[in-house]
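**Q** Okay, here's the structure, questions in a sec.
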Amino acid sequence: MTDAVSPIPSPRKAALRAEALARRDALELDDRLIWDEAIVARALALPVFKEGPVSAYWPMRSEADPRPILEALHERGLPLCLPAIVEKRMLFRRWAPWEPIVPGGFGTLVPGPEEPEVRPAILIVPLAAFDRRGYRIGYGKGYYDRAIAELEPALTIGIAYAAQEIAEVPAEAHDRRLDWVVTQDEAICCG
């Protein structure tokens, strides 16, 4: 198991995170809803959804919404899961659309603790900022980087709005590259 201690926050990453989140938050809701549909279509067209379980996140604030992707994959018969933070570690619990979810900390919603833990083959991950190499800036706690390292060789897909792209994420030793980044404009193969 990887260390559950968060990496030391980088002031540069913190500034880039704040700038990218401000750009994302400034996007009009009507535009985001239209772009979410484009992101869903592009993500579902990727040649990667052959097996599960597939994990995604429950969106919060102004994040791109992966729930329609999960609904479509569920209709294809793929098993699904959502992440939960338990004792400073990200784990994944079985979930299907329209099943109950409960508050999970950090403003998230997660499957209840009675749901079985599963190991995802594919992770759809949130991000604050990304670059074309597949590096992402998350929310600064390192949960996804540690989970990705623990789950390798799981496939990783970041979904975001094009406005969240930056020239270069200052990658550190603990950072894990994404295999794909999908925006409303394109699907970027990074791996």
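The values are calculated or read from the model by the stated rules, or taken from the named source; none is laboratory data. Everything numeric in this text was worked out from a predicted model, so none of it was measured. For neighbour counting, all protein chains shown are included, and Cβ atoms are generated from backbone atoms with ideal geometry for every residue, glycine included. Note: areas computed on protein heavy atoms with side chains; ligands, DNA, RNA excluded. Shrake-Rupley method; radii C 1.70, N 1.55, O 1.52, S 1.80 Å.
**Q** How much of the accessible area of segment 60-191, in percent, comes from carbon and sulfur atoms when a 1.4 Å probe is used?
**A** Carbon-and-sulfur percentage of accessible area, whole number: 52.
**Q** May I pose another question? Report, in debye and to the nearest 20, how large the dipole of segment 1-136 comes out about its Cα centre when Lys and Arg carry +1 and Asp and Glu carry -1 on their Cβ.
**A** Here segment 1-136 has a charge dipole of around 640 debye.
**Q** Same structure, new question: With the other protein chains left in place, how much accessible area per residue, in square angstrom, belongs to the chain at a 1.4 angstrom probe?
**A** Value for the chain: 48 Å² per residue.
**Q** Within 10 Å, count the other beta carbons around each residue, average over each peptide in 180-187, 86-93, 98-105, and list them highest first.
**A** Per-residue Cβ counts within 10 Å, averaged per peptide and sorted highest first, yield 180-187, 86-93, 98-105.
**Q** What translational D, rounded to a whole number of µm²/s, comes out for the chain from Stokes-Einstein when the hydrodynamic radius is the Kirkwood one over Cα pairs, at 25 °C and 0.890 mPa s?
**A** 147
**Q** Summing -39500 (n - 2.57) over the DSSP H runs of n ≥ 4 in the chain and dividing by its residue number, what mean residue ellipticity at 222 nm do you reach, to the nearest 500 deg cm²/dmol?
**A** Calculated at 222 nm, the ellipticity per residue is -8500 deg cm²/dmol.
**Q** Dipole size in debye (nearest 20) for segment 112-168 around its Cα centre, Lys and Arg Cβ +1, Asp and Glu Cβ -1?
**A** It comes to approximately 200 debye.
**Q** So if I take the centroid of the Cα atoms in segment 58-103 and the same for segment 146-174, what is the distance between those two points in Å?
**A** Each part's Cα centre sits 18 Å from the other's.
**Q** Here is a follow-up. Please build a GNM for the chain, connecting alpha carbons under 10 Å apart, and tell me which residue among TYR143, TYR135, TYR161 fluctuates the most.
**A** TYR143
**Q** Follow-up question, since we're still on this one. Using the Cα centre as the reference, give the magnitude of the dipole from point charges on the C-beta atoms of segment 66-164 (Lys, Arg: +1; Asp, Glu: -1; all else neutral), rounded to the nearest 20 debye.
**A** It works out to roughly 320 debye.
**Q** One quarter of the convex hull surface, Cα atoms only: what value does that give for segment 61-167 in nm²?
**A** In nm², the orientation-averaged hull projection of segment 61-167 is 7.2.
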